[in-house]
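The values are calculated or read from the model by the stated rules, or taken from the named source; none is laboratory data. Since we're looking at a predicted model, the values are computed, not measured. Note: ideal-geometry Cβ built from the backbone for every residue, glycine included; neighbour counts use all protein chains shown. Areas reflect the complete protein model, heavy atoms only, side chains present, ligands, DNA and RNA absent. Shrake-Rupley method; radii C 1.70, N 1.55, O 1.52, S 1.80 Å.
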Amino acid sequence: MIFDFRFWHYFVRQGELIHNLQNGEMRQFNKRLGWIIAFGILVFALREIWGMNTASLTPYLAQGQWAEYTLARWASLAGTLIWAGIYLAFHSYGAAFLFWKFLKMPWRAAIVMQTYVLGLLVVEKTLTFLIFALAGYTMPVSLFSFGPLAATFIGIPFLIYFFNQLTLFTSLIIAVQYRYIRSFTAYSPKLILLLLIVLHVVVALAVASLSFVPLGEMLSDFTRGGPSVE
């Protein structure tokens, strides 16, 4: 059996897609994945152009340093596009390779699984951007996460960043990965679920730790020609 991969058609028909992967040959996959990656890069670019995460560049405007501000915005956009490429490539091909390598999943199943994971991540970032754009301002936490709740009751920045990584979309991603791994490996379902939860918690901890890296200061030093030495 030969079937065409259609992202939105199978989005709510994962059982049918898994059956087709187990019993047929898939076409049109790379084209669909390419479109998702291209749209993801566009979303990252629009977020940057609109001004998300560029608050550290505001002092250039306040001081009337238009040339420095323009250079900083272009450098920030270039950095964002590079990061978008790395982010999207890892969550598709990189993560699929790890599942194929360590869990012995069929490569085709692993890359399809991560395509839907990538799709959910892009949808989350798109919705977050649209909400912020309509509101006219941004927040350091995602409205789809436990971040706002943690910020209300916890005063520890690290924990706020940690809970900010655990979102509604995280649970959907775990559900998708659980279904595919259970269908294409012989591991215990309970073990699969436990490992996925631990994996996402570890990733959330790592991202929360990276949130304390002074990227804004590093960019400022770069656009100013390096840190000053007194």
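Taking 7 Å steps out from each Cα toward its Cβ at R13 and L81 produces label points 3.7 nm apart.
Full extension of the chain between K190 and M1 yields a length gain of 64.8 nm, computed as 0.36 nm times the residue separation minus the alpha carbon distance. What the Cβ-Cβ distance of A45 and F97 gives, at R0 = 25 Å and to the nearest 0.05, is a FRET efficiency of 0.45. Taking every protein chain into account, the 1.4 Å probe leaves V198 with about 70 Å² of accessible area, to the nearest ten. Taking 7 Å steps out from each Cα toward its Cβ at E25 and L205 produces label points 4.6 nm apart. For A133 and A89, the difference between the fully extended length at 0.36 nm per residue and the C-alpha to C-alpha distance is 13.2 nm. Karplus-derived 3J(HN,Hα) values for the range 79-90, using 6.51 cos²θ - 1.76 cosθ + 1.60 with θ = phi - 60°, are x, 5, 5, 5, 5, 4, x, 5, 4, 5, 5, 5 Hz; glycine and proline are entered as x. Normalising the average separation of contacting C-alpha pairs (under 8 angstrom, six or more residues apart) by the number of residues puts the relative contact order of the range 1-138 at 23 percent. When T115, T152, T185 are compared by accessible area of protein heavy atoms, the largest-first order is T152, T185, T115, using a 1.4 Å probe.
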